[in-house]
């Protein structure tokens, strides 16, 4: 029998979404809570709370979240607005930006790393973009 979850349901930020082993998602994933990747995602992943990529998990795309724990493979830009943990089995190919980062011995990271304050899309990055002169091409 189905239960009515409208009154006693969990808040979106407490929900954990799981991409299980053997599962492939083609497209972008977005949640207010946490997403755990044990399978494969071919697209970007955005989570309001956390992203966890298990040892056998793979993300071919960008990740943006508050906290991230990576044990598997990521190919793309990884932004953790609070904390990033790269475990010994992790393999990251791409740029990383985090407020704080823990890198275990054995983890592989190929790309640029920026540690410190994260600029939001509406913050100083937008004003800096306006200050840059437009690109021109000569033919």
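What follows draws every value from the coordinates through simple rules; no lab data is involved. These figures come from a predicted structure and were not determined experimentally. FYI the Cβ positions are ideal-geometry reconstructions off the backbone, even for glycines, and counts take in every protein chain you see.
Within the stretch 52-69, being over 20 Å from residue 117 (Cβ atoms), free of Cβ contacts under 8 Å to residues at least 24 places away in the same chain and crowded, with 21+ Cβ neighbours inside 10 Å holds for 52, 59. Filtering the stretch 72-94 to residues that are buried (at least 16 other Cβ atoms within 10 Å of the Cβ) and more than 20 Å from residue 55 (Cβ to Cβ) leaves 77, 79, 81.
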